[in-house]
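The block underneath contains the structure these notes are about, expressed in structure tokens.
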Amino acid sequence: MIRQKLAVQYLADEMRDCSIPVAPEHFQRRRFTEHDDVFFGYVPVRAYKHANQWRFHEADVRQAARTIASLAWDPEDLVDPRHAVRSELQVDVPLGTSWRSQLLRLFRSAARDARRNNGCPCGPLGCQRGDTNWALPCGLTQQDLLRRYGHFAIACTLPVPALVWTQETWLIPRTLANILDRWEEAQGALTATIHTCGGCGALDTGSAWRTATASGWRILCPQCAAAGLRRYRNELNGASYARIQEQGPRARDYLCGVCRTPRPATDWDHCHDHGMIRGPLCGSCNTKEGHGKEFLAMEGSIAHLLRCDGCRAERKLPPHHRLAALRRHAHREWGAADCDWPMQACVTLDETDESGIECTVRCPEQRPSRSTTVRLTADEAERVVLLTVESELT
């Protein structure tokens, strides 16, 4: 397994004698992507997470580069993107994500900036040519476009330097158009498959079944998750996090201890003050707990935090959940009934001095629109936190 930096080097080596405009330095797995593959041209390369870093198989990386390098390249064999024939295998691509629409957005953005900086050639009445056609937009030169977006990459290719302009449209080398069309097809097909449950094969219409794991996404429907994973029943109560990390069991063999819909866990959540295991959490819940903002809005979250014997005995919440407890209280007391907006969006806390906290509550969907400001003394704030804890202990 190789890291991203070495993968870039291997891609550059394999493409050294190839004239197709590519940018190996753009080969990296980006955050929030739906799948674990990185495209080099139209070839997907599987990424694997190891020690919190994404890595690749060297053979996969080199094969992707060799596949693209083997394509014939003739920069004078141009096609009109408006009429280019698409493959019969074409799958639907979400509106606005196709390579054609991406390039059109670049052209229009660059043209607006050029007209703002240099004025419009059409005169004081403004541009008389709409930005909906495929010709070079008014006020923009090919040199300006190349200077600004010459390094813009799609699937590790550089389309802008390869474009040729006519009066009516822009032309693109046939090979590059084919690469990008096949990339769209492969991307669409891959996106379709990643919504399939790994247990029963059922199709997830959204992304509710996806769970981020240490090695990549895991797709499991609620029925398969409930049937194949264990429900946590406090069997590790009092165990230290260090011991569980060394000796097991694995968190991924359990369901998330907070999610109401059965979902695979990914991590053993633990109390950083006392070092004790609290229970298994999925990646989303574990992130929320670590940030300390919206975790307390989830049903069962406080009971989960108090699975730590130390916090239970001291009748307190971890320090980074203190403000969240105040937001939760303010949202319940003075917010709109049945408001499902995040507490962060509805409640603002201002700790201006040691004498207390000012809470401003304004729920976006509250009609008529109004805000409520309440000042809590330091003692009142501590009382709110204590009552939050005791409500779960009684």
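Brief remarks follow.
- Residue within segment 286-294 that is open to solvent by less than 10 Å² (accessible area, probe 1.4 Å) and at pLDDT below 90 present: yes
- All conditions in (1) assigned to a loop (DSSP other than H, G, I, E, B); (2) open to solvent by 60 Å² or more (accessible area, probe 1.4 Å) hold for Leu71, with the sole exception of (2).
- Members of segment 172-189 found to be in contact with an Asp or Glu (Cβ under 8 Å, 6 or more places away or on another chain) and either open to solvent by less than 40 Å² (accessible area, probe 1.4 Å) or free of Cβ contacts under 8 Å to residues at least 12 places away in the same chain (or both), listed by number: Pro173, Thr175, Gly188
- Look at (1) touching a strand residue (DSSP E or B) at 6+ places or on another chain (Cβ under 8 Å); (2) not in a loop (DSSP other than H, G, I, E, B) and you find that Gln223 fails only one, number (1).
- Options Arg252, Arg218: the member that is open to solvent by 70 Å² or more (accessible area, probe 1.4 Å) and not in a strand (DSSP E or B): Arg252
- Filter result for Arg260 (of a type in the set (D, E, K, R), part of a helix (DSSP H, G or I) and open to solvent by 60 Å² or more (accessible area, probe 1.4 Å)): no
- Across segment 328-372, the number of residues qualifying as modelled with pLDDT under 85, within 31 Å of the chain's Cα centre (by Cα) and among the β-branched types (Val, Ile, Thr) comes to 0.
- For the residues Ala265, Ala227, the requirement of being open to solvent by 30 Å² or more (accessible area, probe 1.4 Å) and modelled with pLDDT of 90 or more singles out Ala227.
- Near pairs, Cβ below 9 angstrom, 6+ apart or cross-chain, from segment 115-136 (acidic (Asp, Glu)) to any residue that is in a loop (DSSP other than H, G, I, E, B) and at pLDDT 55 or above: Asp131/Pro137; Asp131/Cys138
- Verdict on Gly238 being farther than 26 Å from Gly201 by Cβ and open to solvent by 20 Å² or more (accessible area, probe 1.4 Å): yes
- Qualifying residue in segment 89-100 (condition: open to solvent by 40 Å² or more (accessible area, probe 1.4 Å), modelled with pLDDT under 85 and more than 24 Å from the chain's Cα centre (by Cα)): yes
- Residue match in segment 200-214 (condition: touching a residue at least 12 places away in the same chain (Cβ under 8 Å), more than 24 Å from the chain's Cα centre (by Cα) and not in a helix (DSSP H, G or I)): yes
- Residue match in segment 299-307 (condition: at pLDDT 90 or above, open to solvent by 50 Å² or more (accessible area, probe 1.4 Å) and outside any loop (DSSP other than H, G, I, E, B)): no
The values are calculated or read from the model by the stated rules, or taken from the named source; none is laboratory data. Quantities reported herein were computed from a predicted structural model and do not represent experimental measurements. Virtual Cβ from ideal backbone geometry, glycine too; neighbours counted across all protein chains shown. With ligands, DNA and RNA removed, areas are computed over all heavy atoms of the protein, side chains included. Shrake-Rupley method; radii C 1.70, N 1.55, O 1.52, S 1.80 Å.
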